[in-house]
Amino acid sequence: VCVAAARPAPDGGVEVAGWVRDAPLAADRLVHVRGIGAAKILSVEILNASTDAAPVSTVAGTCDEPLKSAAIPDATMGEQTWPLEDEEEARAPRRDALTSDYQAAWEISDDDDDENAAPAAAGLDDVLNAAPSAADVDAPDAAPAPTVEDRFDEECDFPDEVEVPAGVAARTRFARYRALRHFQQTPWDVHESLPRSYGFVHELARRDAERRKALDDAAAPGAAPVGAYVRLRLETTASSAAIAAACQTLATAPGAGVAQSLRHENRLTVLHFLVKRASLGGGDGESPPLPSKEEVEVSCGHRRWRARPVYSAHAPRGARAKYERFLRAGGHVVCSVLGPLTFAPAPVALTRPATGEVVATGSLLDCDPTRMVLKRAVLTGLPLRTHKRKAVVHRMFENPEDVQYFKPAQLQTKEGLTCHITEPLGTHGNFKLALSRPMKQSDTILLQLFKRVYPKFAGDDDEDVATY
């Protein structure tokens, strides 16, 4: 609808008048109002001309879709069966009668591993990007925190390679990671250990069929034909201040301020865009790198919202994709965001909220919450000694416990060899290695670990996406 006039309604809604353009207006679907978001049609009054006061006909709205885009999470989906008190008492360690109180105080139980639960729950990015403590700031030899440009340069030189900080066990830092023998074929349940934000996400069981049905419904005759002058009474969940500001904007900048949405297009889901870095230079020099999970403003079709996307390599439908830490120049990448469901085709643009710089452009690829984006962390080690198909590796771990923890994982080298850990050697994290064929002394051993990553809301605790 090309808006000619807009004002707040006495009942808290919005009254909009204008001409129907492009396609007939249906009264059984939601509309998107620029500056407000989703709105439900309460009534449609059709007039012969914009100067008429009495409508020719009035059609009541019959939309049954909710205005809130987020789904209601099922609290029982993540439910766990907790042991009963009798089971807890049966599992409790029993002290032998000959054991003294002093010996019992030093007795090691299985619960001691829970002390590492807090650091293990934090992701790798949270640990690397954590703010320095006061002791680190006051220390004279404390190294400054790396900038985005430094991290980008390091990622270009050493892709996905990470280091285990001194004093931190690798099994604790990478507790949420797993080693995959085959990136695509190794089993991994797509609904395993989903974050809390995915409880508010909708997933269409038959996306292609729902898209065809929505497009067929849009092609059907609506309540108002193209070219008719209509007066709409809309219901919205926006505040009175937002409604007043939007009405003022629509009055001063008339145009296509109200757009009809297809069925299901107000549902919160995970969208995937095929984008390409648009601008890398400006008047003051090169544009700074754009890391994943940095807040951007997404413009998809007639809607705009803010999100924190993750970037990944372009993979076939249903295949796993490798996570990209930065949006690089050159080829196309897939940008995954949380936002309102949109059926393809639709143009997409990503901008920086602070400067308004367009950083990427592209088109909508798909809406699929089950698409897996795997983040890779590579631990490196150097051969200390090599003999035929055996080697001793150092500088990967710091203690033999980490060697035993990662012993089942398969390792590779930069020359393409496959190898396995046979046993730890000493107390400083060295270990023996069995190789598929003799290796060079200049080769490097790689341990590849993977973790699934997810896009985030623009805010910390948001449960819905504010589109405008």
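The values are calculated or read from the model by the stated rules, or taken from the named source; none is laboratory data. Given the structure is predicted, the values throughout are model-derived calculations rather than measurements. Quick reminder, even Gly has a Cβ in these numbers, built from the backbone with ideal geometry, and neighbours come from all protein chains shown. These area figures cover heavy atoms from the full protein model, side chains too; ligands, DNA and RNA do not enter into them. Shrake-Rupley method; radii C 1.70, N 1.55, O 1.52, S 1.80 Å.
Of all residues in segment 2-38, how many are open to solvent by 20 Å² or more (accessible area, probe 1.4 Å) and either among the acidic types (D, E) or at positive phi (or both)?
Counting residues in segment 2-38 that are open to solvent by 20 Å² or more (accessible area, probe 1.4 Å) and either among the acidic types (D, E) or at positive phi (or both) gives 6.
Out of the residues in segment 357-370 that are aliphatic (A, V, I, L, M) and more than 12 Å from E297 (Cα to Cα), state the one that is most open to solvent (accessible area, probe 1.4 Å).
Within segment 357-370, the match that is most open to solvent (accessible area, probe 1.4 Å) is L365.
Only one residue in S57, S43 is closer than 25 Å to T249 by Cβ and of a type in the set (S, T, Y). Which one?
S43
Restricting to strands (runs of 3 or more DSSP E) lying wholly in segment 363-442: which have 2 or more residues that are of a type in the set (K, R) and at pLDDT 95 or above?
373-387
For the list (1) farther than 29 Å from Q184 by Cα; (2) surrounded by 18 or more Cβ atoms within 10 Å (Cβ to Cβ), I need the number of the one condition that C419 fails.
It fails just one condition, (1).
Filter segment 137-167 for residues that are open to solvent by 80 Å² or more (accessible area, probe 1.4 Å) and at pLDDT below 65; which is farthest from the chain's Cα centre (by Cα)?
This residue is P140.
Could you list, in sequence order, all residues of segment 382-406 that are touching a Gly at 6+ places or on another chain (Cβ under 9 Å) and open to solvent by less than 70 Å² (accessible area, probe 1.4 Å)?
Those that are touching a Gly at 6+ places or on another chain (Cβ under 9 Å) and open to solvent by less than 70 Å² (accessible area, probe 1.4 Å): V393, H394, M396, F397, N399, P400, D402, V403.
Can you give me the number of residues within segment 311-338 that are over 20 Å from V296 (Cα atoms), hydrophobic (A, V, I, L, M, F, W, C) and in a loop (DSSP other than H, G, I, E, B)?
Residues in segment 311-338 being over 20 Å from V296 (Cα atoms), hydrophobic (A, V, I, L, M, F, W, C) and in a loop (DSSP other than H, G, I, E, B): 2 in total.
Checking the conditions here, which among Q448, Q410 is under 31 Å from the mean Cα position of the chain (by Cα) and loosely packed, with under 15 Cβ neighbours inside 10 Å?
Sole residue among the options that is under 31 Å from the mean Cα position of the chain (by Cα) and loosely packed, with under 15 Cβ neighbours inside 10 Å: Q410.
So A354 ticks every box in (1) under 18 Å from the mean Cα position of the chain (by Cα); (2) small (G, A, S); (3) open to solvent by 60 Å² or more (accessible area, probe 1.4 Å) but one. Which box is left unticked?
(1)
Could you tell me which numbered condition K322 fails, if it satisfies all but one of (1) open to solvent by 40 Å² or more (accessible area, probe 1.4 Å); (2) modelled with pLDDT under 95?
Here K322 clears every test but (2).
Within segment 173-187, which residues are assigned to a loop (DSSP other than H, G, I, E, B) and either open to solvent by less than 50 Å² (accessible area, probe 1.4 Å) or at pLDDT below 90 (or both)?
F174, A175, Y177, A179, L180, T186
Which pairs do you get when a residue that is closer than 12 Å to E15 by Cβ, found in segment 226-254, comes within reach of a residue that is among the hydrophobic types (A, V, I, L, M, F, W, C) and assigned to a helix (DSSP H, G or I), reach meaning Cβ atoms under 9 angstrom, with the pair 6+ apart or on two chains?
From residues that are closer than 12 Å to E15 by Cβ, the pairs are T236/A242; T236/I243.
Does V190 satisfy the criteria of being modelled with pLDDT under 85 and β-branched (V, I, T)?
Against the criterion (modelled with pLDDT under 85 and β-branched (V, I, T)), V190 does not qualify.
Report yes if H332 is touching a residue at least 24 places away in the same chain (Cβ under 8 Å), of a type outside the set (D, E), touching a His at 6+ places or on another chain (Cβ under 7 Å) and farther than 30 Å from L30 by Cβ, otherwise no.
Here the answer is yes, as H332 does meet what is asked.
Within segment 246-261, how many residues are outside any helix (DSSP H, G or I) and either over 27 Å from C367 (Cβ atoms) or open to solvent by 30 Å² or more (accessible area, probe 1.4 Å) (or both)?
The number of residues fulfilling the criteria is 5.
Report the residue count in segment 188-245 for those that are open to solvent by less than 60 Å² (accessible area, probe 1.4 Å), among the polar types (S, T, N, Q) and in a helix (DSSP H, G or I).
Qualifying residue count for the region: 1.
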